[in-house]
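Each reported figure results from applying straightforward, stated rules to the coordinates on display, with no laboratory input. Because the structure is a prediction, the values reported are computed rather than measured. With ideal geometry, Cβ positions are generated from the backbone for all residues, glycine too; neighbour counts draw on all protein chains shown.
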Amino acid sequence: MSTAVSESPEATVHSWMPSSPCGAGCLPAEANGVSIPTVVVRWCLVVSALATAPLLTAGWLLPRSWRTGLQRRYAAILLRCVGIRLVVVDHRGKRRHTGGILVVAGHVSWTDVLVLSALAPANFVARGDLLDWPVLGSLAQRMRVVPIERQNLRALPDTVATTAGRLRDGERVVAFPEGTTWCGRAYGGFRPALFQAAIDAECPVQPISLRYTGRGGDLTTGPCFVGEETIGQSIRRIIRQKGVTAEVRLAPIEYPGDCRRDLATRCERAARGDERIDLAAHDIVDPLQGAVGTAAVGIEAAERLVA
């Protein structure tokens, strides 16, 4: 769900390891702050929401039919608590899929999880060390997060198999195929490895376009979670912002076929739409040059393992 991964000195960073050039320089130069009373109220609401979160996943307390609706409302409320409004545009047409489905989207921030949970509760494929985080780690375990150990390439087939199993069981699973967060002005490519789960489970994929805009409707990097920023610092910064909207576009579903590369390409095209990379958003000449070369080698390695 974020950029940095805690690694031991012995850990080997392989060529598939997701990386992003986005950092503190991607954040808005000027704070678009709200009043101190508003900040205090938002903090109180966030703390209260987090304190009651475990009740939403308690199977002994609420029947499954109730939990689904409450979890969706909870995510929407928590999103508003941090000052983000949600707008959804549905381009799926009249046909609706029932059963297991893999949902994929670009990854900008930890708030993406709230946005997508507000649409419908789901299992998330998320960084493995999330389970060790205070408060959020316990919630992640209750939400049956599928952990992905990004620094351990050999663990990738198990993650794909677990995801495929959840899809066969009729569950909704959300993955961020970029593998790490980007600022929203620039972004990484969709890596094909996790799309193998949809092919194995013979279930469709729902591409989603997710972008954050400011008060004037222009793209903003305010909510992005990049660089060395901690989750606490990110929450404090986002709570002080105003006029942020999460714009979601639900693209038509893509059927799996038999080639994960093709499926990843189709889903990336559907999720990006008319978006264009803004290289000027970074203080380097070409933020994608190194990442593209690394990804090409890494994709091949990952695909050999999950083939």
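Points worth noting:
- Using the average count of surrounding beta-carbon atoms within 10 Å as a protection proxy, the listed peptides 92-104, 167-179 rank, highest first, as 167-179, 92-104.
- Inter-label distance for L45 and R269, nm, one decimal - labels placed 7 Å from Cα along Cα-to-Cβ: 4.1
- For the pair Q233 and A161, the difference between a 0.36 nm per residue extended length and the Cα-Cα distance amounts to 22.5 nm.
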